[in-house]
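Each remark here refers to the structure printed beneath this line.
FYI, it's all coordinate maths here, none of it is from the lab. Note that the structure is a prediction, hence the values are computed from the model and not measured. Counting neighbours? That spans all protein chains shown, and the Cβs are built from the backbone with ideal geometry, glycine included.
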Amino acid sequence: MQIIKNQKVCAPSIKDIISSYDLQSETYDAIETEAFYVNQYEVYDKHLNSLKQYIKGNVLDLGCGTGLQIPFLSEYAKRVAGIDIAYSLLKKAHEKFKNNPKVILLQANAINLPFPDSHFNFISSYGEVISHIDEYRKALAEMCRVIKPGGVIGFSVLNKWNLHLLYHPKELGEAISLRKIGQRRKWELLLESGEKVSLYLKSFAFTEIKRLLKENYFEPISFLGAHIIPLIIPLRLQYGKINLWGKMYRILGKADYHINTKFPFYKFGYQILVGAKCIK
């Protein structure tokens, strides 16, 4: 298996994203080192597992990174196509799946998918991929184009309203002023090398998510919130190795499991995970 490389993905608007993930490529899979990511990937797994009845035939992992969801997807799918804009992450994925005939990896942009219409039965897109994309409407339209009628998508986006805002009054003020739409949220990561990675990602109001789904012929079938109760602890306190605050964050994450699929609690996660069926 080889990675199909595409230089066209490197438009100026996404070079910062590619650069930031190039810097993270060596430690990208080390999710066990921070409580935030341990909790988060447990929630991704829970949501993906709830949709497994729809995972069949051709499956697309949009923004696959190093392929953390691909082992689960390939269990049920006939073929899994993993795409990402960061070639450095795809190289890591290639090492994992080079002997798996079910998996193909391509460097591609979500707003211009290199697949025919109505090709996939299921699309997976976790890691808030859509929040990374300036032209997120085009990305959703492309997902609609390449999925079969009746096919299902499972994805996550940054959520506008959550307890994190209590520690960021400026962002809270912006959220209030924008009313029914989400704002740009600054995301920062301190690498072991001491370098700081920062990006501005799009958050979405719950009503905005539902509107975008409707515009692109998707009908929601499930919602799940990630990081609801744990955000009473400021995120900066549990960065790095799992310290005392990180252990508390993990405990509160377990409490989330009892409420993160229930209304209205899922509406107040740091992320919202969505399952939706194509009704075109």
Note down the relative contact order for the range 3-278 as a percent, whole number, built from C-alpha pairs under 8 angstrom at least six residues apart. 21
Calculate, in nm to one decimal, what residue 242 and residue 98 gain on full extension: separation in residues at 0.36 nm each, minus their alpha carbon distance. 48.6 nm
If you wrap a convex hull around the C-alpha atoms of the range 108-176 and split its volume per residue, what is the figure in Å³? 108
What the Cα atoms of the range 37-183 span along the principal axes, largest first and in whole Å, is 50, 32, 31
Dividing the convex hull volume of the alpha carbon atoms of the range 146-280 by its residue count, what do you get in Å³ per residue? 129
Gyration tensor over alpha-carbon atoms, the range 3-278, equivalent ellipsoid semi-axes in Å: 27, 22, 19
Quick one: of the DSSP bridges fully inside the chain, what percent are antiparallel, nearest 5? 50
Residue 19-residue 137 FRET efficiency (beta carbon distance; Förster radius 25 Å; 0.05 resolution): 0.55
For the pair residue 221/residue 262, report the inter-label distance in nm, with labels modelled 7 Å from Cα in the Cβ direction. 2.5
In square nanometres and to one decimal, what's the mean projected area of the convex hull around the Cα atoms of the range 149-191? 5.3
How far is it, in nm, from the label point at residue 232 to the one at residue 50 when both lie 7 Å from their Cα along the line to the Cβ? 2.3
Can you give the extra length, in nm with one decimal, that the chain gains between residue 172 and residue 280 once fully stretched, where that is 0.36 nm per residue apart less the Cα-Cα distance? 35.2 nm
May I ask which of 78/160; 46/102; 15/170; 46/160; 52/214; 196/262 have a Cα-Cα span longer than 31 Å here? 78/160; 196/262
Based on the mean of other beta carbon atoms within 10 Å per residue, what is the order of 94-103, 128-137, most packed first? 128-137, 94-103
